[in-house]
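Working notes, beginning with the structure itself.
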There are 6 protein chains.
Amino acid sequence: MTESFSFTHLDPSGGAQMVDVSTKTSTSREAIATALVQTTPEVIRHIEQALVKKGDVLAVARVAGIMAAKKTSELIPLCHPLALTKVTIDFTLDATLGRIALSASCRVTGPTGVEMEALTAVSVAALTIHDMCKALDPRLTINQIQLQQKTGGKSGLWHRESNTGADSND
Amino acid sequence: MTESFSFTHLDPSGGAQMVDVSTKTSTSREAIATALVQTTPEVIRHIEQALVKKGDVLAVARVAGIMAAKKTSELIPLCHPLALTKVTIDFTLDATLGRIALSASCRVTGPTGVEMEALTAVSVAALTIHDMCKALDPRLTINQIQLQQKTGGKSGLWHRESNTGADSND
Amino acid sequence: MTESFSFTHLDPSGGAQMVDVSTKTSTSREAIATALVQTTPEVIRHIEQALVKKGDVLAVARVAGIMAAKKTSELIPLCHPLALTKVTIDFTLDATLGRIALSASCRVTGPTGVEMEALTAVSVAALTIHDMCKALDPRLTINQIQLQQKTGGKSGLWHRESNTGADSND
Amino acid sequence: MTESFSFTHLDPSGGAQMVDVSTKTSTSREAIATALVQTTPEVIRHIEQALVKKGDVLAVARVAGIMAAKKTSELIPLCHPLALTKVTIDFTLDATLGRIALSASCRVTGPTGVEMEALTAVSVAALTIHDMCKALDPRLTINQIQLQQKTGGKSGLWHRESNTGADSND
Amino acid sequence: MTESFSFTHLDPSGGAQMVDVSTKTSTSREAIATALVQTTPEVIRHIEQALVKKGDVLAVARVAGIMAAKKTSELIPLCHPLALTKVTIDFTLDATLGRIALSASCRVTGPTGVEMEALTAVSVAALTIHDMCKALDPRLTINQIQLQQKTGGKSGLWHRESNTGADSND
Amino acid sequence: MTESFSFTHLDPSGGAQMVDVSTKTSTSREAIATALVQTTPEVIRHIEQALVKKGDVLAVARVAGIMAAKKTSELIPLCHPLALTKVTIDFTLDATLGRIALSASCRVTGPTGVEMEALTAVSVAALTIHDMCKALDPRLTINQIQLQQKTGGKSGLWHRESNTGADSND
């Protein structure tokens, strides 16, 4: 392992720290994260049916995800508090596969990125779906919580499909 | 869909509600949830190496997961507040597969279960690992957040491997 | 003023205190509170129209109110933390009067009542409607936040319409 | 309803969103909100008397309101987190009418306004008064929670008395 | 070190855990903690003088301490959430020594004690005094944050003055 | 007492306020605070021994302190919310004296200082040590919570050792 391959969240003696970003430039940054909820076709049809009669499953999950994005620095110990300027969450239902695809997009103007905010948003939105569906399908599983894209900061655009290396953390 | 196949978190007109559990018996309940963090063998070896010199990656993730379990009812809109009596989180590192298996166990004596608390604990612990490793591996993915087991309440023991049906939600 | 007419939240020297309820009996308690949002017929029609195409105004307000009920003891300094067993919030729209009537019902099994939880729920739900409608009607006003009914505890049933006296606070 | 008459907090398909303010100019903004607590002359005199012997009713309500202003983005789902630069709350007691008038003023330098912060401050301060007085007057009512004035942003000064139209939301 | 001399908050491999208290008896418990704020005689006289004209220094500190007691399990990672039934905080000013003595008393009926709640209450009350006085005396120091007494639980009464041994943690 | 010797957190009538900092310049600011945990040599040796086998006492305390720094404006009523850019916490163990020295450093770019954030960080880290050691030493005491140094803002560098006067609060 090279020198450059090190945990920025650990000081030289291994202690956790909230990394100093006070000299980093404040730029416009965005991150997109996704997740998959795997349940049964029956549950998806039930959610869709509920939507027709103004059911609230996805509405509740969306609100939960947006509010969780704002709580990211409370939940993730070494995250910096950030004044988010945008949070949106989208759901795509696939009744055949029994699956819900979640996507969250966050923005900030600041010295550090919003990857964790987007990841936290999809995670908590997915957990909220789990909560509301667990009586119907206790085997429901959340998969593929991952970063899709980030822009802004020193490293500019990073996109999951086209990048393979590291060093996305500026 | 039968009558019994309905969302307990929605009232008859589709509005979200925190379900009334005031008449349910207060019993001892436990839930175990798991998750998988998929990264690279290099990152796992780095975490292990840091452990040797008292590095903090897993310690920080463990604390984050325990504290998140206590925040579950703040994060998941329709969860009941519960006075958790136990939270533990375990990690198993597999350097060959580049993988960390997480497991959380929660207990309460109360009228409703702690599935969401255990699921929230592993999710936030995994997100914290993501945060600390994202500069090394921005492609890190969290998979298989799922309930493994629950005990207590009207339905007694539910175990993922041996149960296939629903109705775990009492 | 008689001796009995005193603030239970102030100690004899006038200092605030979280009143000792450790010797009070834990009973099943419920409270219902209401509020009125006064805006314009046009805004109400807009909310109704949004509902038809699965708009989220009331769904967001409902979630906000439920989550706020769980935060009551964080917001109201001298409130006791309580493990709420039920929170529901209902809305009635009146397009002619340009008005939304809110009602919240909370339950707990505990040594003290849930009046403040129900009042906080309707207040924050109403503030959330205000937030989402303020671009349409900055003059929107919230009125008549008040307790309608409480049951449980030493004093039993109290109902706004039929009671005029004090002493509801056990 | 015209095109311009739409909910900025809902995306085109009706889903809730935290509106993107990342391209809005950061300017100095202020908002003033008010509320009325309606109780009995006896309660007001009791609060005044307590003040004489350094009672804490209004002091507790003031602290609660200031702290609540800082929690606004946690309570109102689609509010942006803001670094408030000022919060003050004032009370005017009217023993004859049995009434307390509350006024809160908030300031920020940022891309969006502080209306909800001022409204949340007066609401929670009023709820705190309700909590401390509910044993004396369970019929206490909170009325006229409303915005009085806002300055800053694209639309400049808006004042309740002199403005009747909408479009205050920039 | 004997076997019995071990950290209950660490599992056998050294990982942090929220200790299982699910089999402990729920009893009535109380704890009293104290702290000393050391500043200058001039600052104390200033606080006293402010009190005369209904100043708020101690009132704000008292509210902060009470609210912090309710946040203990959010602040101290391995603390169990508890439904506190009482919190009081007292201040004794000594202008000659330039000192404020703080004392907090907390109660709960539960399976574990409220030592940390009482200690957190005095600590945050003292920090709040520091905040309000730091422009007058940046050298202000907080000393002797310590437990004075605890009752309830398996070990019954523990009192600082008369006990010297350990094992207070049941 | 002179005119200039007054509480900036109190308005002229003695009411608490969150001081207006909207016209203060946003500069880079840092604060360092320290505290001492006084326990027994045996407890210190036990913590050290636990460290050798990757024990978590100081790791948990460090995370708790960092997270508490981010909660400062929630805990201290009149503190302004700040977007901290750095938090670090260090521990020095002295087995002979039975003592742990804590030091926290916080940074922000903003209109007001981070003294309270650094003081809150060491206080909560010390309380967390107390929590984990209280079964071993219920007499553990926290002493000398104090500001050591602050830089930035109108008054520039203030250092505990070399300054004796007041006026550090800009």
Here is a check on your reading of the model: is residue F:84 modelled with pLDDT under 95 and within 13 Å of chain A (Cβ to nearest Cβ)?
no
State which residue is modelled with the lowest pLDDT when the search covers only the range B:36-57 and only residues that are at the interface with another protein chain (Cβ under 8 Å from one of its Cβ atoms) and outside any loop (DSSP other than H, G, I, E, B).
B:51
Answer yes if at least one residue in the range B:101-123 is over 30 Å from residue B:24 (Cβ atoms), touching an Asp or Glu at 6+ places or on another chain (Cβ under 8 Å) and more than 8 Å from chain A (Cβ to nearest Cβ), and no otherwise.
yes
Pick out the one residue from E:115, E:48 that is under 20 Å from residue E:158 (Cα atoms) and not polar (S, T, N, Q).
E:115
For the range A:108-131, give me each residue that is polar (S, T, N, Q), surrounded by 24 or more Cβ atoms within 10 Å (Cβ to Cβ) and closer than 27 Å to residue D:110 by Cα.
A:120
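Go through the range B:87-104 residue by residue and tally those that are surrounded by fewer than 24 Cβ atoms within 10 Å (Cβ to Cβ) and within 15 Å of the chain's Cα centre (by Cα).
Step one: of the range B:87-104, the residues surrounded by fewer than 24 Cβ atoms within 10 Å (Cβ to Cβ) are B:88, B:90-99, B:101, B:103.
Keeping just the survivors that are within 15 Å of the chain's Cα centre (by Cα) gives B:88, B:90-91, B:101, B:103.
Within the range B:87-104, residues that are surrounded by fewer than 24 Cβ atoms within 10 Å (Cβ to Cβ) and within 15 Å of the chain's Cα centre (by Cα) number 5.
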The correct count of residues that are out of contact with any strand residue (DSSP E or B) (no Cβ under 8 Å at 6 or more places or on another chain) and more than 8 Å from chain C (Cβ to nearest Cβ) in the range E:67-78 is 6
In a helix (DSSP H, G or I), in contact (Cβ under 8 Å) with a residue 60 or more places away in the chain and touching a strand residue (DSSP E or B) at 6+ places or on another chain (Cβ under 6 Å): is that true of residue B:33 in this structure?
no
In this structure, does residue C:89 turn out to be over 21 Å from residue C:155 (Cα atoms) and more than 11 Å from every other protein chain (Cβ to nearest Cβ)?
no
From the option list D:43, D:21, D:57, single residue qualifying as more than 21 Å from the chain's Cα centre (by Cα) and farther than 25 Å from residue D:151 by Cα is D:43
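Here is a yes/no grid of residues against (1) more than 28 Å from residue D:109 (Cβ to Cβ); (2) at pLDDT below 95; (3) among the hydroxyl-bearing types (Ser, Thr, Tyr):
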{"position": "A:67", "(1), (2), (3)": "no, no, no"}
{"position": "A:70", "(1), (2), (3)": "no, no, no"}
{"position": "A:77", "(1), (2), (3)": "yes, no, no"}
{"position": "A:89", "(1), (2), (3)": "yes, no, no"}
{"position": "A:100", "(1), (2), (3)": "yes, no, no"}
{"position": "A:106", "(1), (2), (3)": "no, no, no"}
{"position": "A:134", "(1), (2), (3)": "yes, yes, no"}
State which residue is surrounded by the fewest Cβ atoms within 10 Å (Cβ to Cβ) when the search covers only the range E:19-39 and only residues that are in contact with a His (Cβ under 9 Å, 6 or more places away or on another chain) and over 15 Å from residue E:81 (Cα atoms).
E:39
Taking the residues in the range C:141-155 that are crowded, with 23+ Cβ neighbours inside 10 Å and within 7 Å of chain D (Cβ to nearest Cβ) as candidates, determine which candidate is nearest to residue C:26 (Cα to Cα).
C:147
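I'd like to know if the range C:1-9 contains one or more residues that are more than 23 Å from residue D:131 (Cβ to Cβ) and either modelled with pLDDT under 95 or crowded, with 18+ Cβ neighbours inside 10 Å (or both). Can you show your working first?
Kept after step one, since they are more than 23 Å from residue D:131 (Cβ to Cβ), are these residues of the range C:1-9: none.
Looking through the range C:1-9, none of the residues is more than 23 Å from residue D:131 (Cβ to Cβ) and either modelled with pLDDT under 95 or crowded, with 18+ Cβ neighbours inside 10 Å (or both).
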The number of residues in the range B:80-101 that are in contact (Cβ under 8 Å) with a residue 60 or more places away in the chain and either under 15 Å from residue B:116 (Cα atoms) or not in a strand (DSSP E or B) (or both) is 2
Could you tell me how many of the residues in the range D:103-138 are over 14 Å from residue C:127 (Cα atoms) and without any contact (Cβ under 8 Å) to a residue 60 or more places away in the chain?
4
Suppose we keep only residues that are polar (S, T, N, Q), in a strand (DSSP E or B) and more than 30 Å from residue C:151 (Cβ to Cβ) within the range D:138-170. Which one would you say is modelled with the lowest pLDDT?
D:151
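The values are calculated or read from the model by the stated rules, or taken from the named source; none is laboratory data. The structure presented is a predicted model; accordingly, all values stated were derived computationally and were not measured. Don't worry about glycine lacking a Cβ; one is built from the backbone with ideal geometry, like all the others, and counts go over all protein chains shown.
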